[in-house]
Every structure is written in C-alpha cells, then in structure tokens.
Amino acid sequence: MSASVSPLRAIGLVHGLLIRQLLTRGRILALLALSVLLGVVSLSVRLSDTLENPLRSSVEIFDVVGFTLVVPIVALVFAGAALGDSREDGTLVYLWLRPMDRWPVVVGAWLAAVSVSLPLTVVPLGISAMIAGVGEGLLMATVLAALVGVLVYSAVFVLLGLLLKNSIIWGIGYILIWEGLIAQFGSALGKAALRGYTRSILANRMDIDLDGFSEVSTASAVAIPIVVTIVALFLAAARLRTMEID
Amino acid sequence: MTDVSSPPPPPTGAPVDLGHLTQAYSASGPPMVEAFGVTKAFGDVIAVSDVSFRIGSGITAILGPNGAGKSTLFRILCGLTPPSKGRVEVLGRDARRDRDVRGRIGLAPQQDAMFDRLSAFEFVEYAALTNGVDSAETRARAALDYVEISADDPKRVGAFSKGMRQRVKLAAALVHDPEILVLDEPLTGLDPVQRSRMIELFNDLAGQDKCLLVSSHVLDEVARLGSNVLVIAQGRLAAAGDYHALRDMMDDRPHRIRIETDQPRRLAAAIIERDLAKGVSVENEEITLDTTDVDRFGRAIAPLAVELTAHLGSVAPLDDDLESVFRYLVEGR
C-alpha cells in the first residue's frame, strides 16, 4: 500500500504541517511587538528636528534594530523550532520513519520558517521605512536586506535546531555575541557574520558608508548568503540522516 | 542474619529457551524481523546487550520491566538509532538506510508526543500522505473507524484522553497497511474495556499475516496477546519462546516467603527437617525462606505451627511480582 514519497511532495507535506505547528498566537504577538518597536523608533526619527542627517540616522537605526535584532530573532524563533521542537518533543519520529528522503524534510522545514518569518519581518520593516520618510530607496533596500536575512538566518537556525537542544538560547547567544559584536570588528571577521551582508545591502543601496562596512558589493552580499543557505541546508539534511531519533 | 541452608541454584546466563521462537520462525513464511547480536550503549550505560532473535508473522510480545531496554530495541528495529554492535534486518533490509522499507513499518511510539494542533483525522491522514498512500482520506477514515474514533471529531488530539491518543497512534501506525507493526506499550493508559478491544484488534491484525511486535511490562497483558514472548531484562534477552512455558517457569521458580512468629528458630528447624524450603534464614522474630513448591508449603505451615505451639503472625510472599521473575531470569536470585 505504501510507496516512496517524491521530494516535491515531501517538501509540500512538511511545509504544510510545520506552518500549522509554528503559528502560535504567543509567538506572533511577541514578534510583532518587537517589529513595532522599530516603527516607534522610525516615527521618533521622523518627528525629530534636531538630527543633522535624518537619512543616515534612519539607516543606522534599521541596521541596529532591524537587522541585528528583528530579522535574526524572528528567524531564530521559527526556524529553530521548525525541526528543533519536533526533535525535543519526540514528534520528529513521525517525519523520520517515512519513505521520504531527508533533504526534502529539511527544505520543507526551512520553507515553513521562511513563509512565517517573511511577512513578520518584511511588512513591519517596510512600514517602518515608509514611516521614516526618507525616500523610497530605504524601503527597497530594507525589503531586499530583510529577504536575504530571513533566507540565510532561517537555514542556519534550522541546522542549529537539529544540532543543539535549547536552540533558542544558543541562537540568542549567537545573535548577540557573534552577529552583534563580531560584525563590528570589520574586514575578515565582519564577513564571517551574516549581519555584515544585510548591512552591506542597506549601506550600498542607500550609498552611505556605515563605518567602513560597505566593503562587499550588493551582488556579493546577496550571493554569499545564498551559498551559506545551501551549505546550511545540506548540513542539516546530513545531520537528520545520521542523528538518533528519540 | 543467619544462613541455615544454601539457596537454590541460579539459571545459566544464556537466554532461557521457552520453546520454538529463538530456533525457528513463523510457519507462514520467512523471518520478517531479525536481530543479530545487537548491542546498544549510551556512554557507559549498556541499554541492549547482545540480543539475537528471529520473528515471523503474528504477535510477539516483548516483555520486560520499565527501563529494561524494550523501547531502545524498538528504536533500533525501526532504524531510529543505530546499534553499537550487531545488526537488524526488517524484511531483509536495514530501516536506517533503506528508504523504502520504512514505508513497510508502522510504529506507535511509547512517548505521548503527537502533533497536538491536528485533529485525529488530520493526524492519521498526514501519516497516510507521508507514507505515500494514494487514497489517504479514505484510508484515514477506515483506520480511525478501525480503532473506533470518529474521523469527523474536530477536536485537536492535544485535547484527547490518553486512551484516545493511544488509539489514534495505532490508527496512524496501520493506515498505510504495513507488514510490520511496532507498538511500544500500546495498552498503557487504557481502561479495561479499551484494553480488551485493543487486544482484539491486535489479534485481528496478526490474522492478516502481519508481524506485530508489542511491548509491555505487565505479564497479564502479555498473556492475552498470544503465545510468543521475548523477555528483556537489563538489556539482555532473558527468555524467549512460548508464554505458557514462561508462566510455568514462574510457578516453578523458588518463591521467597517471610514468616513472622514468636518461635522462629524452632519453626525454621522444623521447616528444614521436613524439607519444606531451602535458603532458610532467621532474624529476630522473622524467618525468610525459599520454596519451589508454594502449594505444599502453604498446606504444611499452619499445622506445623500448631504442632510446635508457635504463633504465626504473618506468612507473606516477598517476590510475587514481575520484577522478581525478571531478576530470577537474569541473575538467578
């Protein structure tokens, strides 16, 4: 009666299930509150008449609040939980003991996390960019950087959820210490932090030099995170194939 | 404590062969599940130690106390965890590496976790879809009907009782009509009526030439599951074969009994003299002894006490439980 499940079908099935598992009211409200914070800050920038360079101030605020906190944390909450929660509560067995390859399970989980995280980041960030009132350039730069950020952070945190228990705690440590501090050290170390690429997209598109961080071209700032995404998903599939299931 | 005589000899360390099961397999065909010297270690802890068996169609009960290694053995069979040593074949294949054979196994795990935001129908239909079943909706409805749960109940499985969740898990395990069903403690949390119904279902499935592996730590449940049994204790295969042979061995093994009396030494000496028991020891006003013939001992002890004008405070078995049977099988004590 049973037959192997095609990869595309498996991706769709895992995606559909995990969307439902991930979308809890508590999570959405908490993360929306985080996004609203950015809107409030943007509004205060717009209303302030003491800023020398409102555009630069807006970009810096989006860099710090939007791409150091909102995007990675939203991605962490959903991508870390996508397979991490199943692993920890024991339901992963219902995805593992099936005639399906491993990689579609990982890709389905990643797509589920992206599907939930994108509207929760791009929409509030876009609205905040409009509220800032410094031109359409910031809106486009923000949307592109958020898209790249969500894709790559989600892949990394899906992998993290399969590697470590309590992935949220480890992920927050990673965001604050690695992404928050290391990215400020510039050059080589800066390129090892994903934040450097979202920041480069923002700075290049707005033609603003953010303390020497606009070293990577926009094309590279998009391409490198895509490569990181593929590698992270590959490692996650390998991890799922070899891990022990409770 | 004073030893008055020596204890009965222990059984050997090798599994006790209770019948045909370890030597042959189902008459209906080749072995469906085979374990070859399977050992599983978690660090320094040996969860399963050098277990070998062959199983054909029908029900095989895996009996053992909590923590004996039953669930670990099931996880190895299903490929969820690799053995540290040895190998397992399910339908001639390794479920950990072979994608297709995983679709021929139905597992109802012991843990209570389910996708709690789904209804029973959604949960079972999802199991059908992820097993590549074409008519998933029809099969899901049939599987839920089989375990007597309404497919139209909109309630989420997270709000179900333990018994209902067990039945939904069974429906999800069998929705794709697998040849191998691995059911880990499926009767836990069920009331007596539900247990009876579930055991009927197991027997029905076994009649369809499926191989059912059902674990339990309750001897009376195993009695109703059929005649094939593997006894796992402390990770080792302690006995394998026919349930009735196990039951007989339980009755024949030495039973430990404690007697409270005001004349323990006189009574103990008389018990030894009349060969009613071995391993007799005395401490304060208590006698502890081992007997392989509980009926004879029971008939003799009261008249003996009257004869000696000894007062009997109590006569109580110390090991009349399954744990002591396992202990006897594994350690000989």
How much of the DSSP beta bridge set in the protein assembly as shown is antiparallel, as a percent to the nearest 5? 65
For chain A, with +1 on Lys and Arg beta carbons and -1 on Asp and Glu, the positive-most of A:I28, A:A129, A:G196 along the dipole: A:I28
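Let me check against my output: what whole-number percent is the relative contact order of region B:186-272, with C-alpha pairs under 8 Å and at least 6 apart?
With pairs under 8 Å counted, the relative contact order is 16 percent.
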At what distance in angstrom do the alpha carbon centres of region A:161-180 and region A:78-156 lie from each other? 16
At a Cα cut-off below 19 Å, give the aspartates and glutamates reachable from B:K40, other chains included and same-chain residues fewer than 8 away excluded. A:E244, A:D246, B:D50, B:E89, B:D94, B:D184
In straight Cα distance, which aspartates and glutamates are under 12 Å from B:K210, not counting same-chain residues fewer than 8 positions off? B:D177, B:E179
Explain nothing, just compute: Karplus ³J(HN,Hα) = 6.51 cos²θ - 1.76 cosθ + 1.60, θ = phi - 60°, for every residue of region B:284-290 in order, whole Hz, x for Gly and Pro. 6, 9, 10, 10, 10, 8, 10
Contact order normalised by residue count of region A:7-242, Cα under 8 Å, 6+ apart, percent: 26
What spacing in nm lies between the two simple spin-label points modelled at B:H311 and A:L32, each 7 Å away from Cα in the Cβ direction? 7.8
Burial ranking of peptide ranges A:140-151, B:164-175 (average Cβ count within 10 Å, highest at the top): B:164-175, A:140-151
Can you give the three extents of the C-alpha atoms in region A:7-242 along their principal axes, from longest to shortest, in whole Å? 61, 38, 30
Label zone at A:L47, where the point sits 7 Å out along the Cα-to-Cβ direction: region A:129-161 residues whose backbone N lies under 20 Å: A:129-135
Calculated from backbone phi, Karplus (6.51, -1.76, 1.60) coupling profile of region A:146-162 in Hz, x at Gly/Pro: 5, 4, 4, x, 5, 4, 6, 4, 4, 5, 5, 7, 4, 4, 4, x, 8
Between region B:65-113 and region B:142-206, how many Å separate their Cα centres? 20
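Could you compute Rg(Cα) / (2.2 N^0.38 Å) for region B:16-250, with N its residue count? Intermediate results must be reported in sequence, preceding the final value.
Working: Rg = 17.1 Å, N = 235, 2.2 N^0.38 = 17.5 Å.
Relative to the rule-of-thumb radius for its length, region B:16-250 sits at 0.98.
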Label-point gap, in nm, between A:I182 and B:K85 - each point 7 angstrom along Cα→Cβ: 4.1
Work out the length of the dipole vector of region A:7-242 about its Cα centre, built from +1 on the beta-carbon of each Lys and Arg and -1 on the beta-carbon of each Asp and Glu, and round it to the nearest 20 debye. 1000
Taking H placed 1.01 Å from N in the peptide plane, check which residues at least 5 places from B:I62 or on another chain put their amide H under 5 Å from its amide H. B:V214, B:S215, B:S216, B:L230
For A:L163 and A:D209 in the same chain, what is the full-extension length gain: residue separation times 0.36 nm, less their Cα-Cα distance, in nm? 12.9 nm
Mean projected area (nm²) of the alpha-carbon convex hull when region B:256-319 is viewed from all directions: 3.6
Within 10 Å of each Cβ in A:15-25, the average number of Cβ atoms from other chains: 2
In degrees, nearest ten, helix A:195-206 long axis to first principal axis of chain A (Cα): 40
Going from the fewest other Cβ atoms within 10 Å to the most, one would list B:F115, B:F160 as B:F160, B:F115
Between B:A302 and B:Y146, what is the label-point separation in nm under the 7 Å Cα-to-beta-carbon projection? 5.2
Residue exposure sequence - A:W178, A:W96 - by fewest surrounding Cβ within 10 Å: A:W178, A:W96
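Give the calculated FRET efficiency between B:R197 and B:K155 to the nearest 0.05, with a Förster radius of 22 Å applied to their Cβ-Cβ distance.
Values: r = 20 Å, r/R0 = 0.92.
In this case the efficiency is close to 0.60.
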In whole percent, what relative contact order does chain B give with Cα contacts below 8 Å and a gap of six or more residues? 24
How crowded by other chains is B:90-103, given as the mean number of beta carbons from other chains within 10 Å of each beta carbon? 3
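Let me know the mean shielding of A:87-97 by other chains, meaning the per-residue number of their Cβ atoms within 10 Å of its Cβ.
On the way: counts 0, 1, 6, 6, 6, 2, 7, 11, 3, 6, 16.
For peptide A:87-97, the averaged partner shielding equals 6.
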For B:R117 and B:Q208 in the same chain, what is the full-extension length gain: residue separation times 0.36 nm, less their Cα-Cα distance, in nm? 29.5 nm
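Would you order A:T229, A:T198 from fewest to most other beta-carbon atoms within 10 Å of each residue's own beta-carbon?
Numbers: A:T229 21, A:T198 32.
Placing the least packed residue first, the sequence is A:T229, A:T198.
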Can you give the alpha-carbon Rg of the protein assembly as shown over 2.2 N^0.38 Å, where N counts its residues? 1.30
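Each reported figure results from applying straightforward, stated rules to the coordinates on display, with no laboratory input. What you see is a predicted model, and the numbers here were worked out from it, not measured in a lab. Don't worry about glycine lacking a Cβ; one is built from the backbone with ideal geometry, like all the others, and counts go over all protein chains shown.
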